[in-house]
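Rule-based calculations on the coordinates, nothing more; no lab input. Worth saying up front: this structure is predicted, and the values here are computed from it rather than measured. A quick note on method: Cβ atoms are made from the backbone with ideal geometry, for glycine too, and the neighbour counts reach across all protein chains shown.
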Amino acid sequence: MVKIDKVDFGEIVVGGRSFYSDVSISAKGGVEHLVKSHIIEASNIVPLLAGNPACVVIGTGMEGAVKVRPEVRQILENKGIRLFIERTRNAVDVFNGLVADRKKVAGLFHVTG
């Protein structure tokens, strides 16, 4: 599983690669750019479910500007997937802790506001 090396405003480094956009990280370690949005909807998390994660971590931005729609919580709850929603710096710590504990984890990270 891939580790997040660092996050700064506007940048996230995952597995040694820098990304200057919001990203999703699959439970298999694949990293994809996300279209910038301040709302996380069901369509944002559906691709993450293909890897059958035990946990999903959502980073809501450095100042917590991103909102998570209720249906996201409901979908994950219905599938028995544990959801963590934190400001991005904290979300990175949660994600890396789950990786260190060998949990199957996926995530979405907003790297600005």
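The figures follow:
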quantity	calculated
Residue within the stretch 40-47 that is closer than 25 Å to Phe9 by Cβ and among the hydrophobic types (A, V, I, L, M, F, W, C) present	yes
Residue match in the stretch 86-103 (condition: among the β-branched types (Val, Ile, Thr), under 13 Å from the mean Cα position of the chain (by Cα) and either assigned to a strand (DSSP E or B) or over 15 Å from Lys3 (Cα atoms) (or both))	no
Qualifying positions in the stretch 25-83 - touching a residue at least 60 places away in the same chain (Cβ under 8 Å), assigned to a loop (DSSP other than H, G, I, E, B) and under 12 Å from the mean Cα position of the chain (by Cα)	Ser26, Ala27, Leu34
Those residues of the stretch 25-53 which are closer than 14 Å to Asn96 by Cα and buried (at least 16 other Cβ atoms within 10 Å of the Cβ), in sequence order	Ile25, Ser26, Ala27
